[in-house]
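Worksheet: the structure to be examined is printed underneath.
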Amino acid sequence: MSKKILMLVGDFAEDYETMVPFQALKMLGYDVQAVCPDKKAGDIIRTAVHDFEGDQTYTEKPGHNFTLNATFADVDSNDFIGLVIPGGRAPEYIRLNKRVIEIVREFDQAKKPIAAVCHGPQLLAAAGVLDGIKATAYPACQPDVNQANGQWCDIAIDQAVTDAHIVTAPAWPAHPEWLAQFIKLLGAKISI
């Protein structure tokens, strides 16, 4: 059985929301393949660090260069058991790519686990997979969730919500909850 997880990213994806799930899922033995439209394995994306410093919205600082380890043009959703969509600014523009939308719909139609954090649910909304689904996101994305007929969940920034096969969270402070709920959907059992 495949242990491959697809991660959809783009330039200025949020740094923690890209790096932490990528590394944590690899640590658990998953083959996480990070792809970006119009890029191939070995190319980089630039990330951005979003922080919460008391302003009306997050602040943004340069993050790291993140090296893609797979080629977008080669993606076949049948090869993967789950999908991860980090937040940041990437979801707002990669959702304009027709194949990105098709990929999200393919995972949804197959009822494979999908995890989206922060602005990641913008992709879910654009793909039309939130109809009737309880979901959350960065608060500024509430109109996207509502417009897609999702059921907005106003939860703490360090919490996550799972409905059916979809896990969503407001931002990177929710990583412990978001990742735990996602790996539960994947069927992983962790004991220490």
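Can you say what percent of the DSSP beta bridges in the chain, counting only those with both residues inside, are antiparallel? Round to 5. That works out to approximately 35 percent antiparallel. Where in region 82-106 does the label zone of Thr57 land, with the point 7 angstrom along Cα→C-beta and an amide N cut-off under 13 Å? The answer is 88-90, 92. Taken over region 68-133, the convex hull of the Cα atoms encloses 89 Å³ per residue.
Across region 4-186, the mean sequence separation of Cα contacts (distance under 8 Å, 6 or more residues apart), normalised by length, yields a relative contact order of 19 percent.
The loop-placed chymotrypsin sites (Phe, Trp or Tyr not before Pro) in region 1-78, going by DSSP, that have at most 13 neighbouring Cβ atoms within 10 Å of their Cβ come out as Phe52. Projecting the alpha carbon convex hull of region 38-192 along each direction and taking the average yields 9.8 nm².
Our estimate of slack between Asp74 and Gln151, defined as 0.36 nm per intervening residue step minus the Cα-Cα distance, is 24.4 nm. Close amide-amide hydrogen proximity is noted between Val32 and Ile5, each under 5 Å apart and 5 or more residues distant or on a separate chain (H modeled in the peptide plane; Pro and chain starts excluded).
Residues of region 68-98 with an amide N closer than 18 Å to a point placed 7 Å from the Cα of Asp163 along the Cα-to-Cβ direction: 85.
Taking Gly54, Gly88, Gly63 in turn, the Gaussian network model of the chain (Cα-Cα springs below 10 Å) assigns the largest fluctuation to Gly54. Ordered by the number of other Cβ atoms lying within 10 Å of each residue's own Cβ, fewest first, Asp108, Asp158, Asp55 fall into the sequence Asp55, Asp158, Asp108. Extension gain, Ile44 to Thr67: 0.36 nm times the residue separation minus the Cα-Cα distance gives 7.8 nm. Cross-link partners for Lys40 among the aspartates and glutamates, with Cα-Cα distance under 14 Å and sequence neighbours closer than 8 places in the same chain left out: Asp11, Asp74.
Per-residue 3J(HN,Hα) values for region 119-128, derived from phi via the Karplus relation 6.51 cos²θ - 1.76 cosθ + 1.60 with θ = phi - 60°, read 8, x, x, 4, 5, 5, 5, 4, 7, x Hz in sequence order (x marks Gly and Pro). Each helix, a run of at least 4 DSSP H residues, gives -39500 (n - 2.57); summed and divided by the residues of the chain, these come to -8000 deg cm²/dmol at 222 nm.
The ranking of Met7, Met27 from fewest to most other beta carbons within 10 Å of each one's beta carbon is Met27, Met7.
Listing Val104, Val9 from fewest to most neighbouring C-beta atoms within 10 Å gives Val104, Val9. Note on the chain: with a GNM built from Cα contacts shorter than 10 Å, the maximum mean-square fluctuation among Glu106, Glu14, Glu53 falls on Glu53. Excluding same-chain neighbours fewer than eight residues apart, the lysines reachable from Lys189 by a Cα-Cα span under 30 Å are Lys3, Lys4, Lys26, Lys111, Lys112, Lys134. Please identify every one of the trypsin sites (Lys or Arg not before Pro) in region 94-162 that sits in a loop by DSSP and has no more than 12 other beta carbons within 10 Å of its own beta carbon. Passing both the DSSP loop test and the Cβ count: Lys111.
Rule-based calculations on the coordinates, nothing more; no lab input. Remember, it's a predicted structure, so these values are computed and weren't measured experimentally. Cβ sites come from the backbone with ideal geometry, for glycine too, and all protein chains shown count toward neighbours.
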